[in-house]
Amino acid sequence: MGFLARANKKGVRAGAVVVASAAAVAATAWGVASLVGPGGTASQHNVARPGATDHSGHGDDGRPGRQPQGIPEGIAHASESGGNAVNITIDDGPDPRWTPRVLDVLRRHDVKATFCMVGPQAKAHPDLVKKVVAAGHRLCDHTMNHDTAMDKKPVAYQQAQILEAKKLIEEAAGGGAKVEYYRAPGGAFTPDSRRIAAAHGMRPLGWNVDTKDFDKPGTAAIVNAVKREIGNGPTVLFHDGGGNRAQTVDALDQVLAWLKEQGRPTGFPVRTTPDAPDAGTAAEAR
């Protein structure tokens, strides 16, 4: 697939990136790429501890910057609700078969979640994007192609992947709904991608608990992963796209019931405040 020539990544800053956006988008015609599961590269990369900078380990001094509109560049893990609240996040949709079932589970448990959507999927299923918004959930940008090697690509490519997906998701949502977060596929954040997202009102969003549901290990294994890893921090990763998500739907139902039994409320990830120092203790991104 042909893309723009490589940019000099080290010399490009966030302000200069914007100039390249129009050319990058115009020169690129993307379809939906195959989504890579955690057994490959996708779900293993962003078990990032709070305060981490990016997947590659490069970047600033680890102190997240702030954009004029108050969105930090640091990767969020903590919950707006504070305390022992848990953030439920749903990736790779919307999907016409599985997203409605996920929405039904969330409705029955009176839980709000953050849906990280792939741009072309949102464009193909605007009715589902609207249902997500109408139910009070939040939107997250998961790029155009779910490219888990984005951190190795030119900045202009990263920008086009992020901003074109944002545009498609918001157009599908309608009604002035905004994308509030950006999650890099496979956790492949870079300092530039975080700056681009924050400059456009999207908080970079990580995760603490990888349920491994993408690999379909069985409902019990997904549930047990949450129970085992919830001590890492409050943000839990599930999927509603990329294949048969029947196990995810069943596991989500059980996990939400268990969280209620444990007295743990749910909430949304932080957007405008720095990640709490004690938001989690997950391992470094791999």
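Just so you know, all these numbers are worked out from the coordinates, no wet-lab data involved. Bear in mind that the values here come from a model prediction, so they are computed numbers and not experimental data. We place every Cβ from the backbone using ideal geometry, glycine too, and count neighbours over all the protein chains shown.
For the stretch 149-286, state what percent of all Cα-Cα pairs lands in each successive 5 Å bin, counting from 0 Å until the bin that includes the largest distance.
Bin by bin from 0 Å, the calculated values are 2, 9, 16, 18, 19, 18, 13, 5, 1, 0.
How charged is the neighbourhood of V236? Take every other residue with its Cβ under 9 Å from the Cβ of V236, and add Lys/Arg as +1 and Asp/Glu as -1.
Values: positive: none; negative: D210, E229.
Once positives and negatives cancel, what remains is -2.
Would you pull out the residues with amide H under 5 Å of A135's amide H, same chain only if 5 or more places away, H placed 1.01 Å from N?
Correct list: empty.
Which of the peptides 258-264, 108-114, 197-203 is most tightly packed, and how do the rest follow, going by the mean number of other Cβ atoms within 10 Å of each residue?
Details: 258-264: 13.0, 108-114: 17.3, 197-203: 22.9.
The packing order, highest mean first, is 197-203, 108-114, 258-264.
Pop a pseudo-label 7 angstrom from the Cα along the beta-carbon direction at both N84 and A149 and give the gap in nm to one decimal.
Once both label points are built, they end up 4.4 nm from each other.
Of the peptides 236-246, 211-221, how do they stack up when ordered by the mean number of other Cβ atoms within 10 Å, highest first?
236-246, 211-221
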